[in-house]
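One structure below.
The values are calculated or read from the model by the stated rules, or taken from the named source; none is laboratory data. Remember, it's a predicted structure, so these values are computed and weren't measured experimentally. Counting neighbours? That spans all protein chains shown, and the Cβs are built from the backbone with ideal geometry, glycine included.
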Amino acid sequence: MENKKSDKSKSRSDKKWVPPMSAFGSREGEDGQSIEEQIKIKAGQARGLARYMSSTQDLVEEQIRKAREKGAFDNLKGSGEPLDLEENPFEPPEMRMVFRLLKNSNFTPHWIEIGKDIDAEYDKIWRDVAKFERYARVFFSGRKNEAALQAFQRKKELLYMDQRNRFEKLYMRVVDFNLHCPTFREGRANLDIEREMNALIDRVECKIKELKMKYGIE
């Protein structure tokens, strides 16, 4: 009798406890479907929708092609004529009259004028650099002495100093432009003065090195 009891207790102790499935959450949906079955159903629905959208697009393109072949798009009103850009379809209707009056009076918003000034000044800076390069070409092609070389060096240093001052003023003009700009999308990136100066100096120094090598100047 004692052996039977010990065998029963031993068999019970050998069994591992298995938690019920509810401890892990149900794997069935509201309709009694498993998660795997629900995923398969959703995937099939998505594939069906994709096929429907693709067939619809093909149908529309086919109809457009047939209409083009029949000449349905020939001799349409305004065909071959320039677009009428007098009115902006995206501007508020209540502001349309105001904008038309300003345009007819040749009025330009202040921030637009600032932008034009920025572009003009930036171009002028680099035109002056090109002008100095032409001067350097003439200088190194002629006869030179120590005094002339020193004068050329001072002129180059003056160019660097003047252009830095102009870049600093241009930086403030860009800030002014962004303050007056009506939308963020129309704004400009702030001018990187150091990057602009490094590009300017590298360009001038490379040109001088090239000219010295060309005319055999050490």
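Based on this model, can you work out whether Lys103 counts as surrounded by 10 or more Cβ atoms within 10 Å (Cβ to Cβ) and closer than 23 Å to Glu196 by Cα? Explain how you work it out, then say what you get.
On the way: surrounded by 10 or more Cβ atoms within 10 Å (Cβ to Cβ): yes; closer than 23 Å to Glu196 by Cα: no.
Considered against the rule, which asks whether it is surrounded by 10 or more Cβ atoms within 10 Å (Cβ to Cβ) and closer than 23 Å to Glu196 by Cα, Lys103 comes out as no.
Can you name the condition, by its number, that Arg164 falls short on among (1) surrounded by 10 or more Cβ atoms within 10 Å (Cβ to Cβ); (2) under 27 Å from the mean Cα position of the chain (by Cα); (3) in a helix (DSSP H, G or I)?
Result: Arg164 passes all but (2).
Suppose we filter Asp128, Asp123, Asp117 for residues that are free of Cβ contacts under 8 Å to residues at least 40 places away in the same chain, within 26 Å of Gln163 (Cβ to Cβ) and surrounded by 11 or more Cβ atoms within 10 Å (Cβ to Cβ); which single one remains?
Values: Asp123 fails: surrounded by 11 or more Cβ atoms within 10 Å (Cβ to Cβ); Asp117 fails: free of Cβ contacts under 8 Å to residues at least 40 places away in the same chain.
Going through Asp128, Asp123, Asp117 in turn, just one is free of Cβ contacts under 8 Å to residues at least 40 places away in the same chain, within 26 Å of Gln163 (Cβ to Cβ) and surrounded by 11 or more Cβ atoms within 10 Å (Cβ to Cβ): Asp128.
Across the stretch 121-176, what is the total count of residues that are under 21 Å from Glu194 (Cα atoms) and of a type in the set (Gly, Ala, Ser)?
The number of residues fulfilling the criteria is 1.
For (1) β-branched (Val, Ile, Thr); (2) in contact (Cβ under 8 Å) with a residue 40 or more places away in the chain; (3) within 22 Å of Thr108 (Cα to Cα); (4) surrounded by fewer than 16 Cβ atoms within 10 Å (Cβ to Cβ), each residue gets a yes or a no:
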{"site": "Leu149", "(1), (2), (3), (4)": "no, no, no, yes"}
{"site": "Gln153", "(1), (2), (3), (4)": "no, no, no, yes"}
{"site": "Glu157", "(1), (2), (3), (4)": "no, no, no, yes"}
{"site": "Met172", "(1), (2), (3), (4)": "no, no, yes, yes"}
{"site": "Val175", "(1), (2), (3), (4)": "yes, no, yes, yes"}
{"site": "Leu179", "(1), (2), (3), (4)": "no, no, yes, yes"}
{"site": "Ile193", "(1), (2), (3), (4)": "yes, no, no, yes"}
{"site": "Met197", "(1), (2), (3), (4)": "no, no, no, yes"}
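Please state which one of Asp176, Asp123, Asp128 is acidic (Asp, Glu), closer than 30 Å to Glu91 by Cβ and in a helix (DSSP H, G or I).
Of Asp176, Asp123, Asp128, the one residue that is acidic (Asp, Glu), closer than 30 Å to Glu91 by Cβ and in a helix (DSSP H, G or I) is Asp176.
Just give me the residues in the stretch 29-45 being exposed (fewer than 10 other Cβ atoms within 10 Å of the Cβ) and either assigned to a helix (DSSP H, G or I) or at pLDDT 70 or above (or both), in sequence order.
The answer is Glu36, and nothing else.
Tally the residues that are among the hydrophobic types (A, V, I, L, M, F, W, C), in a loop (DSSP other than H, G, I, E, B) and at pLDDT below 75, restricting the search to the stretch 60-95. It would help to see each step written out before you state the result.
First, the residues of the stretch 60-95 that are among the hydrophobic types (A, V, I, L, M, F, W, C): 60, 64, 67, 72-73, 76, 83, 85, 90, 95.
Subsequent filtering for residues that are in a loop (DSSP other than H, G, I, E, B) retains 72-73, 76, 83, 85, 90.
Keeping just the survivors that are at pLDDT below 75 gives 83, 85, 90.
The total comes to 3.
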